[in-house]
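Down below is the structure, laid out as structure tokens.
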Amino acid sequence: MKRTVLILTSTLLTGPLLNAAPMAPNDPSVSGNLLLWLTDATANYSGGTWTDSSLSNDVSNSTVGSGYGGGSSLNASIDYNGITRSAVTIANDGLMGASNINGAGSFSEITIISLYRVSSTGPEIRPVGIGSKTFEGVTGVNFDRLNLATDPTNTTIRHDDGRTDGTYSHGTDVVLRVTRLNAGLITDQFYDTGTGTLVDSMTSALNGSGSTNGTSGVTFSTRTADFYIGELGTLVGGTDSATATTDILEVAVYGTALTNTQVEDISDYIATIPEPSTLVLTGIMLGTLAFFRRRRS
């Protein structure tokens with residue numbers, strides 16, 4: 001009797017390395033600071049809620065209530081570095097959120113590692129971040145946000161009406177982005193979708209002029225710990241015209257500024273390791289193919 005042996009070869013796990021050792025976002029060395037991990041949408045997204053794989057900070061349409069765009073849906077077939085990934089797609093002006101993810105109501109240190117793409121770019125298109133102009137309005141106690149913006153010529157961070165100044169634009173490609181806030185600095189890094197190597201790194205004390213919430217200068221903290229994905233910058237029904245459809249493939253949020261080595265290792269994992277549901281599906285497909293080949297032999 002012949003045996004069919006299914007081997008998931010290393011080609012499934014190969015990809016552009018970041019000159020680092022892959023480390024899962026929930027590795028014991030960093031899990032104590034992991035506040036939110038949105039991953040494997042095929043397995044963890046259902047009915048407008050993306051279940052958090054770290055604690056219990058599920059990101060949901062219902063958190064922000066009705067009236068915020070066309071809702072969310074599953075997209076199970078996005079290619080990133082030759083690996084099929086799943087994503088949650090959020091339609092124009094849509095917004096999903098999780099309230100007070102660190103329990104403290106603010107952040108003085110934070111790391112956001114995100115894998116996403118947008119259908120168009122602009123200063124008011126902010127697919128990931130802490131605080132939301134869309135939900136909270138222009139002014140108020142929660143104005144000190146930390147939003148990842150997608151300016152057409154220089155992708156920036158928007159914070160307290162200040163911004164980082166960079167030269168990299170990821171356009172409408174899938175981008176792996178690492179953002180850290182601590183000690184009066186914001187570091188924003190981008191990894192190329194084709195090679196997985198670091199293509200731009202910006203460290204900035206921000207341009208904080210013209211704050212519209214009545215304060216001068218920049219505070220390097222946030223006055224909210226509410227997390228959002230989707231359309232963070234466009235006021236629904238307001239004067240802003242920027243809209244985009246956003247695909248969020250993965251996000252990991254930590255309540256501290258991780259080290260460069262930790263960031264590189266986690267980014268390497270996200271860039272090169274397939275989702276569990278993808279491996280299961282691939283295993284089923286390969287097993288089925290091997291079965292029929294065996295039947296035909």
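Rundown of residues vs (1) of a type in the set (Val, Ile, Thr); (2) closer than 19 Å to PHE190 by Cα, yes/no style:
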site	(1), (2)
ASN75	no, no
GLU109	no, no
ILE113	yes, yes
PRO127	no, yes
**Prompt:** Is it true that GLY131 is at pLDDT 85 or above, in contact with a Lys or Arg (Cβ under 6 Å, 6 or more places away or on another chain), surrounded by 18 or more Cβ atoms within 10 Å (Cβ to Cβ) and not hydroxyl-bearing (Ser, Thr, Tyr)?
**Reply:** yes
**Request:** Quick one: which strands (runs of 3 or more DSSP E) lie wholly within segment 19-91 and hold at least 3 residues that are touching a Cys at 6+ places or on another chain (Cβ under 8 Å) and within 21 Å of GLN262 (Cβ to Cβ)?
**Result:** none
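This table checks each residue for (1) in a strand (DSSP E or B); (2) buried (at least 18 other Cβ atoms within 10 Å of the Cβ); (3) over 13 Å from the mean Cα position of the chain (by Cα).
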| site | (1), (2), (3) |
| --- | --- |
| ALA104 | no, no, yes |
| SER114 | yes, yes, no |
| ARG117 | yes, yes, no |
| GLU124 | no, yes, yes |
**Fill in**
From the option list ALA271, ALA225, single residue qualifying as aliphatic (A, V, I, L, M), within 14 Å of the chain's Cα centre (by Cα) and modelled with pLDDT of 80 or more is ALA271
**Complete:** GLY70 passes all but one of the listed conditions (1) under 26 Å from ASP173 (Cβ atoms); (2) touching a residue at least 40 places away in the same chain (Cβ under 8 Å); the exception is number (2)
**Request:** Return the total of residues in segment 113-133 being small (Gly, Ala, Ser) and touching a Ser or Thr at 6+ places or on another chain (Cβ under 6 Å).
**Result:** 2
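The values are calculated or read from the model by the stated rules, or taken from the named source; none is laboratory data. This structure is a prediction, so every number in the text was calculated from the model and none was measured. Here the Cβ is made from the backbone with ideal geometry for all residues, glycine too, and neighbour counts use every protein chain on show.
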